[in-house]
Amino acid sequence: MRMIDIGEVAAQTGLSPSALRYYEEIGLIASIGRKGLRRQFDSQTILQLSLIQLGRSAGFSLDDIRGMFGADGQPDLPRPEIRARADEIDRQIRDLTKLRNALRHVANCPAPSHMECPTFRRLLHIGSRRGRPVPRKRLAP
């Protein structure tokens, strides 16, 4: 088993040493020893950190991600929750595409005043009905 110094793990993953120490503190990763005061990790930690970063990019909380690893540190990915998150991302993509198209229309609208543009007025009406966005629900652990 190859031991990797915390500095090398940080360099390979782009995470700061303080983030790595925090991840260890909350149980996402585990060091396998120390060389002086510097934590040492096994090479499997790089894979775990890649999965953690992917989970964070997908919008999962650290608590959600912690539940995606078995007791042995190996991935134990909850497929239903991942499908649900993918569905949520699809919904966000649709909503953001509509918003982008609306903004492009507003930016390029040939009407002398936006209030004279029927499309802009319809967009205002749709936006006022929508209200505030609903926060995403946390996944069960």
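General observations
- Boolean, residue 59 is in a loop (DSSP other than H, G, I, E, B) and either assigned by TED's automatic domain parsing to the domain that holds residue 7 or touching a Cys at 6+ places or on another chain (Cβ under 7 Å) (or both): yes
- Close pairs from region 113-138: first under 30 Å from residue 61 (Cα atoms) and not assigned by TED's automatic domain parsing to the domain that holds residue 60, partner of a type in the set (D, E, K, R) and modelled with pLDDT of 85 or more, Cβ under 8 Å, at least 6 apart: 136/88; 138/63; 138/64
- When residues in region 68-106 are screened for being hydrophobic (A, V, I, L, M, F, W, C), farther than 20 Å from residue 48 by Cα and either outside the structural domain of residue 124 (by TED's automatic domain parsing) or modelled with pLDDT under 90 (or both), 4 of them pass.
- Within region 1-15, considering residues that are under 21 Å from the mean Cα position of the chain (by Cα) and not in a helix (DSSP H, G or I), the one nearest to residue 37 (Cα to Cα): 15
- Across region 55-108, the qualifying residues are those that are more than 30 Å from residue 43 (Cα to Cα) and basic (Lys, Arg), and the one among them that is surrounded by the most Cβ atoms within 10 Å (Cβ to Cβ) is 98.
- Condition check for residue 39: touching a Ser or Thr at 6+ places or on another chain (Cβ under 7 Å), surrounded by 14 or more Cβ atoms within 10 Å (Cβ to Cβ) and basic (Lys, Arg): yes
The values are calculated or read from the model by the stated rules, or taken from the named source; none is laboratory data. All figures in this text were calculated on a predicted structure; none of them were measured in a lab. Every residue, glycine among them, receives a Cβ derived from its backbone with ideal geometry; neighbour counts consider all protein chains shown.
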